[in-house]
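Okay, structure first, notes after.
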Amino acid sequence: MSEKIIQVTWAHPRSDSLTAAIVSDIVDELEDLGASLDLIDLYREGFDGTLGTADEPDWDEPAKQYTQEVMEHAVRTMIADAVVLVFPVWWFSLPGIMKGYIDRVWNYGLLYGGSHESRLKAVRWIGLAGLTRTSFRKRDYDVMMSRQLDVGIAGFCGIENSRLDLLYNTLADEVEDLPMHYRELRGQARTIVRQLFEEL
Ligand SMILES: Cc1cc2nc3c(=O)[nH]c(=O)nc-3n(C[C@H](O)[C@H](O)[C@H](O)COP(=O)(O)O)c2cc1C
């Protein structure tokens, strides 16, 4: 059986956040399964999430050489079998640094368009949501986010196997047993990546 490369990219300003704890569970789970891991901690590596002119796509030049930071990151993504992106939901979207990472790295000729060659076949977006599932459902925020991430980004890059999983109520509204609540959220994250690994 060939090795399965899974890239785990995450964004949170604090390394003692719930997001960080979830990432650590995901890493443990994938290591136990024998995945080959590529971990990207956008904040700690000081990733610049602003797309400047050097990384602006040139629609007439799909073979454009972008900045070294972008080229190196893109190669890491293109050789992965799957990417798992872990983030706190901010304004029903990605944190700016992660949006900027996608803007820059999932670039024209690299992850989409031109004659790009990527082996990437699955994406999992794991978003930690402060609000409850009921609040999301009330205004279809989950549908909206899935449309943006699964269709607008992954689908646009030709990856049909993309799924947004929201871990709800991180702010623990009306939760009596807090440790149990967080254990459940962490368990959900482990299940998501285990199923992903088995699918690959
Ligand atoms: C700038 C900002 C925007 C947020 N927007 C949302 C939101 O749109 N929907 C939501 O459910 N929670 C929102 N939250 C709450 C975060 O999702 C919540 O703090 C996070 O899931 C908790 O995980 P953490 O402890 O790792 O930060 C927001 C928090 C911040 C700081």
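Side notes on the structure shown:
- Looking across segment 137-146 at every residue that is within 13 Å of the ligand (Cβ to nearest atom) and surrounded by 15 or more Cβ atoms within 10 Å (Cβ to Cβ), the one that is nearest to Met98 (Cα to Cα) is identified as Met145.
- When each of Tyr168, Tyr112 is tested for being of a type in the set (Ser, Thr, Tyr) and within 16 Å of the ligand (Cβ to nearest atom), the lone residue that passes is Tyr168.
- Meets criteria (of a type in the set (A, V, I, L, M, F, W, C), within 19 Å of Leu164 (Cα to Cα), in contact (Cβ under 8 Å) with a residue 60 or more places away in the chain and in a helix (DSSP H, G or I)) for Ile102: no
- Identity of the residue in segment 12-42, surrounded by fewer than 14 Cβ atoms within 10 Å (Cβ to Cβ) and of a type in the set (Asp, Glu), that ends up farthest from the ligand (Cβ to nearest atom): Asp32
- Flag if Leu128 is in contact with an Asp or Glu (Cβ under 8 Å, 6 or more places away or on another chain) and of a type in the set (A, V, I, L, M): no
- Residue match in segment 85-108 (condition: farther than 24 Å from Phe136 by Cα and within 16 Å of the ligand (Cβ to nearest atom)): yes
- Selected residue (criterion: farthest from Ser17 (Cα to Cα)) from residues of segment 40-80 that are hydroxyl-bearing (Ser, Thr, Tyr) and free of Cβ contacts under 8 Å to residues at least 40 places away in the same chain: Thr53
- Breaking point among (1) at pLDDT below 95; (2) at positive phi, for Asp140: (1)
- Number of the condition not met by Glu45 [criteria: (1) surrounded by fewer than 15 Cβ atoms within 10 Å (Cβ to Cβ); (2) assigned to a loop (DSSP other than H, G, I, E, B); (3) within 16 Å of the ligand (Cβ to nearest atom)]: (3)
- For segment 147-164, the set of residues classified as surrounded by 19 or more Cβ atoms within 10 Å (Cβ to Cβ) and within 16 Å of the ligand (Cβ to nearest atom) consists of Leu149, Leu164, listed by residue number.
- Those residues of segment 175-192 which are away from the ligand (no atom under 15 Å from the Cβ) and either within 14 Å of the chain's Cα centre (by Cα) or not in a helix (DSSP H, G or I) (or both), in sequence order: Glu176, Asp177, Ile192
- Failed item, numbered, when Thr134 is tested on (1) in contact with a Phe, Trp or Tyr (Cβ under 8 Å, 6 or more places away or on another chain); (2) hydroxyl-bearing (Ser, Thr, Tyr); (3) more than 9 Å from the ligand (Cβ to nearest atom): (1)
- Top-ranked residue in segment 117-131 [being at pLDDT 95 or above and more than 16 Å from the ligand (Cβ to nearest atom); ranked as farthest from Gly158 (Cα to Cα)]: Arg124
The values are calculated or read from the model by the stated rules, or taken from the named source; none is laboratory data. Quick caveat: nothing in here was measured; it's all calculated off a predicted structure. Heads up, the Cβs are rebuilt from the backbone with ideal geometry, glycines too, and the neighbour counts pull from every protein chain shown.
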